[in-house]
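For reference, the structure is listed below as structure tokens.
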């Protein structure tokens, strides 16, 4: 019997695959122990970061030791039901996340300038 593994040979992974799945739609009261139970089935985990304040509750980052374990977790857990919520599991993309934060920062700067100079959004 021959077993084929992604780890052996010259199998190439898509460029977006990395060791850090980004998890959305988590139940707000999920504990880190529950996260380790769910995601630990797919490989050794280096770290789990769960949002704790009102703005960041819901998403989490899971850092795996091995990229193939992360790929397996993303493949199997996207759409997984946890406490009547279906998880969205994607690969963390630094460039996309930076753009979101840059956009928010620009919007805040514009709001500050509008307040400073007494301009309302409807005056534009």
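Readers should treat all values here as calculations from the given coordinates under stated rules, not as data from a laboratory. Note that the coordinates shown come from a computational prediction; the quantities given were computed from them, not determined experimentally. Neighbour counts are summed over all protein chains in view; Cβ atoms, including those assigned to glycine, are modelled from backbone coordinates with ideal geometry.
Per-residue Cβ neighbour counts within 10 Å put 61, 28 in the sequence 28, 61, beginning with the fewest. Label zone of residue 75 (point 7 Å out along Cα→Cβ, amide N under 14 Å): in region 16-50 this covers 17-18, 42-43. FRET efficiency for the residue 94 to residue 119 pair, using the beta carbon distance and R₀ = 25 Å, is estimated at 0.15. In this calculation the C-beta distance from residue 104 to residue 16 is compared with R0 = 30 Å, giving a FRET efficiency of 0.85.
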